[in-house]
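Undergrad: Okay, here's the structure, questions in a sec.
Just so it is clear, none of the values below were taken in a lab; they were calculated from the coordinates. Everything numeric here is computed off the predicted structure, so don't read it as measured data. Here the Cβ is made from the backbone with ideal geometry for all residues, glycine too, and neighbour counts use every protein chain on show.
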Amino acid sequence: MIWQFDIIILIFLVVTAVIALRVKDLLGASMVFGIYSFLICLLWAEMGAVDVAFTEAAVGAGVSTVIMIATVFSTTRRSKD
Amino acid sequence: MKFFGLLSVIIVGFLLLSATKDFPNWGDEDSPANSGPVSSFYIEKTEEKTKVPNMVTAVLADYRGYDTMFETVVIFIAGIGIIAVLRTYGNNESIPKNQVGDEGAGLLARMTCSLILPFIQLFALYVVAHGHHSPGGGFQGGVMLGASYILLALAYGLARAKSCFSEKRTLVFAALGIFIYVGWGVLCLVMGSEFLNYSALDSILPGGVEMARSHSMLAVEIGVALTVTAIMFSMFSNLSTKGRLDKGL
């Protein structure tokens, strides 16, 4: 476990979380969510929890992003607030 | 209102951050999770008793088989719920004009997908079949297999993907996965042991008690993978077409 690597990933995690909350374009927000999932997958893989990281990469960064984008396409792309 | 939201977030965040210093250190041997009798039993005895090197899979599929079984049921219920809410029959609602038609993506994307799809599916099957020796298992492999059908739907249109994996087949596979898992538990019951106690199956599976548990884990992982594959594809196809299952993304 390399702590410098951890610090970088954690900073990026906070940044992507804030971006996903602040951005008005819901398509962009779901893609930033995919980046968030991938970063947390890196963190888990680095901590040695490879099974959890695998699940996060497949479900969080992969399928759930696609499902969210599909939902955005069939609802609305602009956030109301 | 936003000010109070920010205030509560700051207060709760401060409380959570101040609580983290009471946590045991990462990898601490004396932490309650590591020093208890249960986890040391799993770490020391899993490979000896089940012949499965990946103890995460052994705990998920064998020692806590009930947990995984009902997780699979939860996924099944989620998929059935999405179908019950979204699925519409008949053409009462007019199809919006701005949706991409059934022709799918462009030539380049189609060719790339047709090259990469067999490898995705093969890797997904490897993850399912090799889940008790390496990272992975039924959930991950099932999600990847479902994602390969989603990719097929994105590149070639939903009609092409539905010709491989029709709605009826989706539901049958989702139910069949749970049937395999529960049926394996009932088989243990029939062989004269507890529900999901795989060591009872050593008389019908080759290789002794340990290998019977290992093979049984593979069987229930296949069940989990079937359900997850079917539900993932059904979720995508219902969400992307507002339940009409005609023209997708």
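Undergrad: On a 0 to 90° scale, report how tilted helix B:167-190 is relative to the longest principal axis of chain B, with both axes built from alpha carbons and the result rounded to the nearest 10.
TA: Tilt relative to chain B: about 20 degrees.
Undergrad: Here is a follow-up. So what is the orientation-averaged projected area of chain A, using the convex hull of its C-alpha atoms, in nm²?
TA: Reported value for the Cα convex hull: 5.1 nm².
Undergrad: Now, a different point. If you count, for each residue, the other Cβ atoms within 10 Å and average over each peptide, how do B:233-243, B:9-19, B:158-168, B:54-64 line up from highest to lowest?
TA: Values: B:233-243: 24.5, B:9-19: 9.5, B:158-168: 15.9, B:54-64: 21.8.
Going by the mean number of other Cβ atoms within 10 Å, highest first, we get B:233-243, B:54-64, B:158-168, B:9-19.
Undergrad: Student exercise: in the protein assembly as shown, how many lysine pairs 8 or more apart or on different chains have Cα atoms under 19 Å apart?
TA: Counting lysine pairs in the protein assembly as shown gives 9.
Undergrad: From the Cα gyration tensor of the protein assembly as shown, with a ≥ b ≥ c the square roots of its eigenvalues, which class applies: rounded if a/c is under 1.5, or else prolate if a/b is larger than b/c, or else oblate? Intermediate results must be reported in sequence, preceding the final value.
TA: Details: a/c = 1.98, a/b = 1.16, b/c = 1.71.
Oblate, because a/c is 1.5 or more while a/b does not exceed b/c.
Undergrad: May I pose another question? Each residue of region B:140-155 in order: what ³J(HN,Hα) in whole Hz does its phi give by Karplus 6.51 cos²θ - 1.76 cosθ + 1.60, θ = phi - 60°, with x for Gly and Pro?
TA: 5, x, x, 4, 5, 5, x, 5, 5, 6, 5, 4, 4, 5, 5, 7
Undergrad: On average, how many beta carbons from a partner chain sit within 10 Å of the beta carbon of a residue in A:51-58? Present the calculation step by step, with values, prior to reporting the outcome.
TA: Details: counts 12, 2, 1, 12, 6, 1, 3, 13.
Averaged over the peptide's residues, the number is 6.
Undergrad: At 222 nm, what value in deg cm²/dmol follows for chain B if DSSP H runs of at least 4 each add -39500 (n - 2.57) and the sum is divided by all its residues, to the nearest 500?
TA: Values: 10 runs with 168 residues, N = 249.
The per-residue figure over chain B is -22500 deg cm²/dmol.
Undergrad: Hey, another quick one. Just grab the label-to-label distance for B:Ala33 and A:Asp6, each label 7 Å out from Cα along the Cβ direction, in nm (one decimal).
TA: Label at B:Ala33, label at A:Asp6, 1.3 nm between them.
Undergrad: Okay, moving on. Other chains' Cβ within 10 Å of A:61-70 residues: what's the mean? All intermediate terms of the calculation are to be shown ahead of the outcome.
TA: Numbers: counts 0, 7, 10, 3, 0, 12, 8, 1, 4, 13.
That works out to 6 on average.
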